[in-house]
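Single-structure report; data block below.
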Amino acid sequence: MGGPAFLRAKGDATIKLRIKVIPASSRNCVAGWVGEALKVRVTAPAERGRANAAVEATLAEALGLPGSRARVVAGRTSPRKLVEIVGLSESEVYERLARGASERPRP
């Protein structure tokens, strides 16, 4: 697969995270790692940006951030997306996701 799961952007307080979205799931949750992407399940359907909004809210909640701190910046119409996380370092994101995600990707 491609590069690292985290891509640096705008200094240490902003990172970009690769994710794989499973829309129309039974619940909203961070479901673990699939290769180098974080799998996020959302109940919203993949139509008119509903799943993207649910992804942003689900990730923000999982990371303990305000909703505006997690936003989809690439892949708006694809299940594979790039999400910008503002206000946390890579290690902080890993620590917070470790509480709910099953395993960390191998570098």
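Read-outs throughout are calculated quantities, based only on the coordinates presented, and are distinct from any laboratory measurement. Small disclaimer: the values here were computed from a predicted structure and weren't measured. Reconstructed Cβ throughout: ideal geometry from the backbone, glycine too, with neighbour counts over all protein chains shown.
Of the strands (runs of 3 or more DSSP E) contained entirely in the range 23-107, those carrying at least 3 residues that are of a type outside the set (S, T, Y) and within 21 Å of A13 (Cβ to Cβ) fall at 70-74, 80-86. The number of residues in the range 39-70 that are among the charged types (D, E, K, R), buried (at least 17 other Cβ atoms within 10 Å of the Cβ) and out of contact with any Gly (no Cβ under 7 Å at 6 or more places or on another chain) comes to 1.
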